Protein chains: 4
Amino acid sequence: MTYSVAVSGASGYAGGEILRLLADHPDFEVRTVTAHSNAGQPLVAVQPHLRTFTHLTLQETTAETLAGHDVVFLALPHGASGAIAAQLDPETLVIDCGADHRLERPDEWAAFYGGEHHGAWSYGVPELPRLSGTQRDRLTGSRRIAAPGCNASTVALSLAPGIRAGVIEDRDLVSVLAVGPSGAGKSLKAHLLAGEILGSANPYSVGGVHRHIPEITQALRWAGAARPTISFTPVIVPMSRGILATSTARIVPGTDAATVRAAWDDAYAGERFVQVLPAGQFPRTADVLGANTALMGVAVDEAAGRVVVVTAVDNLVKGTAGAAVQSANIALGLAESTGLPVNGVAP
Amino acid sequence: MTYSVAVSGASGYAGGEILRLLADHPDFEVRTVTAHSNAGQPLVAVQPHLRTFTHLTLQETTAETLAGHDVVFLALPHGASGAIAAQLDPETLVIDCGADHRLERPDEWAAFYGGEHHGAWSYGVPELPRLSGTQRDRLTGSRRIAAPGCNASTVALSLAPGIRAGVIEDRDLVSVLAVGPSGAGKSLKAHLLAGEILGSANPYSVGGVHRHIPEITQALRWAGAARPTISFTPVIVPMSRGILATSTARIVPGTDAATVRAAWDDAYAGERFVQVLPAGQFPRTADVLGANTALMGVAVDEAAGRVVVVTAVDNLVKGTAGAAVQSANIALGLAESTGLPVNGVAP
Amino acid sequence: MTYSVAVSGASGYAGGEILRLLADHPDFEVRTVTAHSNAGQPLVAVQPHLRTFTHLTLQETTAETLAGHDVVFLALPHGASGAIAAQLDPETLVIDCGADHRLERPDEWAAFYGGEHHGAWSYGVPELPRLSGTQRDRLTGSRRIAAPGCNASTVALSLAPGIRAGVIEDRDLVSVLAVGPSGAGKSLKAHLLAGEILGSANPYSVGGVHRHIPEITQALRWAGAARPTISFTPVIVPMSRGILATSTARIVPGTDAATVRAAWDDAYAGERFVQVLPAGQFPRTADVLGANTALMGVAVDEAAGRVVVVTAVDNLVKGTAGAAVQSANIALGLAESTGLPVNGVAP
Amino acid sequence: MTYSVAVSGASGYAGGEILRLLADHPDFEVRTVTAHSNAGQPLVAVQPHLRTFTHLTLQETTAETLAGHDVVFLALPHGASGAIAAQLDPETLVIDCGADHRLERPDEWAAFYGGEHHGAWSYGVPELPRLSGTQRDRLTGSRRIAAPGCNASTVALSLAPGIRAGVIEDRDLVSVLAVGPSGAGKSLKAHLLAGEILGSANPYSVGGVHRHIPEITQALRWAGAARPTISFTPVIVPMSRGILATSTARIVPGTDAATVRAAWDDAYAGERFVQVLPAGQFPRTADVLGANTALMGVAVDEAAGRVVVVTAVDNLVKGTAGAAVQSANIALGLAESTGLPVNGVAP
């Protein structure tokens, strides 16, 4: 069967990427696209790269325009999706690309976001190792899915295998990310101007204040961590898309290098969209540009007593829109990889 | 008086930057520039941005062409400077921008470089805190100076204050750097092609194998560390110059945030070229582009129990050529800041 | 049926892009990939973004390894394909991505390339308007196809409609292109290093010497130009892929603006891969990144008496590999758009 | 003597660059910096690269705060400077970096800007060839100077020598520019976001509508053109600064190549800040980054019957702030090159 689809926030980066992926998806038909200030315009006036959608016009984002579809993707500013989702049919598959439904703990929500906590939906990172099985098991049949934060899911995928296997400690985790500015959305903010970003590396949310931190520690607790702590620093670098996360952790004393490596190899054996490279190889973000692939390299630094995991993802695909579509495939019982590219666009 | 100067390796990035700085230096007069494959060409054919040196022609790099100057800057491939330096007058001030004379310990030289160890010269990072005083004290009157590795000096400046003040532990140090490709020199290597680097973040020398690691731990021992270990990962990002180093360390338990911060504020109080930003502010590499300035932001992440130090330098200036000129100024008894820009070229 | 395919030059940018497209092509099966210095390595060691081809190993590029396939793509250095092609079965479909078989006139070959002229094959730009019909007609059933030069085909598509319709003069044509460095291939040349290209705009082959000039004028003669002359200047800019060609021509006196515009609208009406935007809109290269699409904006500058045509293509897709696959589809009687993306990857 | 200086618009790109240059100027002392929404903040909070101005606080931009200085630089939005300038002492040297006082003809002002025309001030491009002498002659002793549009002055400098010498025709001029986004200022506009510009080449103001066109033709008329027409297209490319202008013109029939070239060599012989490269060499924008230098390459394309002039400038220096300071030096009778760098920051 063909599922009818609505995409809200279709004028932004996440919404545009969902549409780019759905254009090649055989089971989904995009019927409705909505926006805020751009409502009334042809979609292609705002997203001129989406040549296959020249027939669509942006409508207002309301519960009414989104109602009556089998699947609704919400790509709205944080805080905006809770109210709309509440008005949609419980049988409609709703995937929220915002942060509103990612965190289980009200105290963490309060500390990092504030305002009303709407509760947690099924977290849309299928391959994420959990103490038992993977996150995939929680997605089958779900009708409410929270697509992950792009930085958070990249780091969670990088460290969870070692936590679950008991080969790394859950304290003194460190992750530093080189990220493209599209992860911050198409927002009119001075620090996102090209003049500020071209030719420069710019840190932000330094020192334990980034909102993706509780999302990471939540995922690591799912993998078995007791009280995980992580020093997390994102750095905007001059590339339109991509995350290169360098994550390191202290190896549990007495664990040999082969055992450490095996934790990652085992966790992702057979996964199409999370691939661990052979020893000595490390990924570049260009390798996964446009693809739903997380590429990972793992090194054991014996002198430092730490494992180093370098992971490349496209923040808009595996980090957001690809995770959303992959999760939707699972929820609906479709083949998980339907419509999702695995090869990157390089150079 | 005016000092006569020769610059070898003048066709490369480090050599070109030394010349750019010397063009505005009132006490140095560049008489000789040398190169390898480009010998015989006008300097400006290879370095077209150096409009004030249209009168210079590249000569062969030999001890003979370099002899007879008051100051000789060596910007040669690693391994090439030892033999040439040995033939220069002991009273000539020689500054080596290569790695040959940076490491004191033969075992570390053997482990990371191999080949003959030429011994250590005065290390050219004046502001580096040592257990007693600063590295500046070792540069006064010196006639043999080793300019630092750009990544190494950036990380050493970032962490040494906390080590010296006893507020951070010397194990589980972690540093991840976003670096521009000019730090790797003008080498014809496939991974340095623009097609490989544009739009991508590319890690290299991952897992404890980068040659700057022993240079960092040597500097931290000078500051008082007993057995420092560091996980060090550089990531090439698409900007021509710049290093943004994010370094983190475990805070010694029981140390309050103000005491932590004070270690950095105190270490660099009064320094012109190493400046610590007010709390809550962090530097961008564009802020120091073309300048001999290291800008530093310090955050205390209490949840993670770690301090985070973000430092921006221009790898070719404070990281190499500026460090060389600043050290030469000190060695010769000139005002330390002569000829050295402190304002960056932004945006 | 499924056609067996060999790709030579598979370690380069053009070869890699052919493989990326073929990965999603239902009628082609890649059996053999060949290279020169990388022969013996796994393909994915050199092209780590091609995750669906982990089973392939690079073989030596010889007539023997390429023989026995239904389709052979040659992505070799200029001058290398003639000899190999001569040894392949005349019934094999051979598509040459090099320049060897693009030019009809021996005198132009001699003037811009020199060496032996191998004669012209069917030129692989299907939509190119000719005095009668389009270039597509010459591709049906062909077994020897010359994929175009990326700059040349972009400019030819930009100007041929006006020539054929008789609304622009064929003298004083001017085209200036912003191009990404991947168009120059993965060559170890100093001017292609990231350090040279990041943060800079660099012209090359200025003043009538670029090898794509005779390819452009040949195409314009096919469209009806008597003695076309063009001032052609490419400028390398810091983006990995993409061509933005700004082409201008003198409007034939007395032609009104609507008639001028109609020449382009008519030429490409119904084309999937060459699209003319509505008046007042102009394309960006990001809009076609990764896609086989040429997007075009046309403006009439009445004060200057000239039409301005701005065309965006991805040099590796519509400019090279996509043109090759599209032409192969036509030659074999497959649906022309099979396996070819039309939506770009933006931002 | 030391001149007291006020800089308005000090939080923007042009204002920041004026300050960067003045920091190294021995005869100017910056006493006052003003801004609009950032008034009240320390200058260095908004311009963190200007480390020598940590003592300055941004004040409100009013005639009162600007009064009482010897020199006032206005770097305000277009339309804002006329009213303020009218309130400043006629003996104060006022340099306006906006467009308000560039155009002599009210009809051109009305056509391209609209609103009140404030009349033309001395145009701040000293080297610009005029039928008799250079523009420099109009700047000596002036107290009201209009700094040029960055694109306009680059193109005017490129073409005026050929016009004045009578070697090129003044019709069918074409200029296409690769420009960095800093030329558009620090404006919160969607098309200036990093996500839109990274990895892409984006044209704007295509088809004869760009506001710099009348400024170019005005300058060409000063050089002797009767009715100049130019097709002018700027393309934003992913570099923070820089303009690479490719300008072409039809050579007057019968003019030999040496005569053509001599027009440019003669026009700029002896100029420090406008330099013509030897035949066969062309500039890159990196060669002039941060410098007050226009580098120019000239080619004669005999087949096309056109001259091609490729000129690189830094839009913020020679294109704006450097032009302003250089003009101020002339107006006040200082050495023209005081405080102005001629070497670029490359790579």
- Once both labels are modelled 7 Å past Cα along the beta-carbon direction, what's the residue A:187-residue C:67 spacing in nm? 6.4
- For an R0 of 22 angstrom, estimate the FRET efficiency from the Cβ-Cβ distance between residue D:41 and residue D:4 and round to the nearest 0.05. 0.50
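Residues with beta-carbon under 15 Å from that of residue C:331, excluding residue C:331: net charge, scoring Lys, Arg +1 and Asp, Glu -1?
Working: positive: C:136, C:138, C:143, C:144; negative: C:27, C:70, C:89, C:91, C:96, C:137, C:336.
After counting each charged neighbour, the total is -3.
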- Message: Once each part is reduced to its C-alpha centroid, what is the distance from the range B:71-99 to the range C:100-140 in angstrom?
- Response: 57
- Non-local amide H neighbours of residue D:274 (under 5 Å, H modeled in plane, Pro and chain starts lacking H): which ones? D:294
- Query: Each residue of the range D:73-80 in order: what ³J(HN,Hα) in whole Hz does its phi give by Karplus 6.51 cos²θ - 1.76 cosθ + 1.60, θ = phi - 60°, with x for Gly and Pro?
  - Reply: 9, 9, 10, 10, x, 4, x, 9
- Item | the range B:281-347: equivalent-ellipsoid semi-axes (sqrt of 5 x gyration tensor eigenvalues, Cα, Å) | 28, 14, 8
- Item | Positive-end residue of A:206, A:304, A:325, charge dipole of the range A:203-347 with Cβ unit charges | A:206
- For a quick protection proxy, order the peptides A:293-300, B:146-153, A:19-26 by their average other-Cβ count within 10 Å, most packed first. B:146-153, A:293-300, A:19-26
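Let me have the relative contact order for the range C:151-313, percent, based on Cα pairs under 8 Å that are six or more residues apart.
30
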- Item | 5 angstrom amide H check on residue B:144, placed H, neighbours 5+ away | B:94, B:122
- Task: Could you compute the FRET efficiency for residue D:209 and residue A:259, with r as their C-beta to C-beta distance and R0 at 56 Å, rounded to 0.05?
- Result: 0.25
- Nm distances between the label at residue B:302 and the same-position labels in the remaining copies, 7 Å along Cα→Cβ, shortest first? 4.1, 6.9, 7.9
- Inter-centroid distance (Cα atoms) of the range D:289-346 relative to the range B:1-27, Å: 24
- Taking the range C:191-238 and dividing mean pair separation by its residue count, relative contact order in percent (alpha carbons under 8 Å, at least six apart): 57
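Explain nothing, just the number: dipole magnitude of the range D:151-313 about its Cα centre with +1 on each Lys and Arg Cβ and -1 on each Asp and Glu Cβ, in debye rounded to the nearest 20. Numbers along the way, then the final one.
On the way: 13 positive and 12 negative charges, 99 e Å.
My answer is approximately 480 debye.
I'd like the mean, over residues of C:177-185, of how many other protein chain beta carbons sit within 10 Å of each residue's own Cβ.
Numbers: counts 5, 12, 1, 10, 7, 7, 1, 3, 2.
That works out to 5 on average.
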- Taking a label point 7 Å from Cα toward Cβ, how far is residue A:68 from its twins in the other copies, in nm, shortest first? 6.0, 6.9, 9.1
- Could you give me the radius of gyration and the Dmax of the range B:151-313, taking only the C-alpha atoms into account and expressing both in angstrom? 15.8, 51
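Under 1.5 on a/c is rounded, so check that first for chain B, then, if it is not, pick prolate when a/b is larger than b/c and oblate when it is not; a ≥ b ≥ c are the square roots of the alpha carbon gyration tensor eigenvalues. List each step's numbers first, then the result.
Details: a/c = 1.65, a/b = 1.53, b/c = 1.08.
Prolate, because a/c is 1.5 or more and a/b exceeds b/c.
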- Put a point 7 Å out from Cα along the line to Cβ at residue B:280; what are the distances to that point in the other copies, in nm, shortest first? 4.5, 5.0, 6.0
- Query: Which lysines have a Cα less than 22 Å from the Cα of residue B:189, not counting those fewer than 8 places away in the same chain?
  - Reply: C:186, C:189
- the protein assembly as shown - mean residue ellipticity at 222 nm from DSSP helices (-39,500 (n - 2.57) per run, n ≥ 4, rounded to 500): -6500 deg cm²/dmol
- Query: Which of the listed residues, C:112, C:16, C:4, is farthest toward the dipole's positive end in the range C:1-136, when Lys, Arg count +1 and Asp, Glu count -1 at the beta-carbon?
  - Reply: C:16
- Note on the structure: Given the candidates C:88, C:129, C:66, the one whose Cα lies deepest towards the positive end of the charge dipole of the range C:52-171, counting +1 at each Lys or Arg C-beta and -1 at each Asp or Glu C-beta, is C:129
- Integer Hz, Karplus 6.51/-1.76/1.60 couplings in order for the range B:132-137, x for Gly and Pro: 10, x, 10, 4, 3, 4
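Give me the inter-chain shielding for D:309-315: mean count of other chain Cβ atoms within 10 Å, whole number please.
On the way: counts 1, 8, 0, 6, 0, 1, 0.
The shielding value for this peptide is 2.
Give me Rg/Rg_expected for the protein assembly as shown, where Rg uses Cα atoms only and Rg_expected = 2.2 N^0.38 Å with N residues. Could you put the intermediate results ahead of the total?
Values: Rg = 30.9 Å, N = 1388, 2.2 N^0.38 = 34.4 Å.
Working it through for the protein assembly as shown, the quotient is 0.90.
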- Message: Once you keep just the Cα pairs under 8 angstrom separated by 6 or more residues, what percentage relative contact order results for chain D?
- Response: 17
- Take every residue in peptide A:167-176, count the Cβ atoms of other chains within 10 Å of its Cβ, and give the average of those counts. 5
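What FRET efficiency comes out for the pair residue B:104/residue A:266, r = Cβ-Cβ distance, R0 = 45 Å, nearest 0.05?
Values: r = 43 Å, r/R0 = 0.96.
With R0 = 45 Å, the Cβ-Cβ based efficiency is 0.55.
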- Query: So how far apart, in nm, are the two label points at residue D:57 and residue D:116 if each is 7 Å from Cα heading toward Cβ?
  - Reply: 3.2
- Message: Looking at chain D as a GNM with Cα springs under 10 Å, which of D:309, D:237, D:209 has the largest mean-square fluctuation?
- Response: D:209
- Just the number, please: percent antiparallel of the DSSP beta bridges in chain C, rounded to the nearest 5. 45
- Message: Amide H of residue C:34 versus every other amide H placed in the peptide plane: which residues, excluding those fewer than 5 positions away on the same chain, fall under 5 Å?
- Response: C:7, C:8, C:9, C:10, C:59
- Query: Residue by residue through the range D:331-347, which ³J(HN,Hα) values in whole Hz follow from phi under the Karplus form 6.51 cos²θ - 1.76 cosθ + 1.60 (θ = phi - 60°), with glycine and proline marked x?
  - Reply: 4, 8, x, 7, 4, 4, 8, 3, x, 10, x, 10, 8, x, 9, 10, x
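Each reported figure results from applying straightforward, stated rules to the coordinates on display, with no laboratory input. Predicted, not measured: the structure shown is a model, and the values here were computed from it. Cβ: placed from backbone, ideal geometry, glycine included. Neighbour counts: every protein chain shown.
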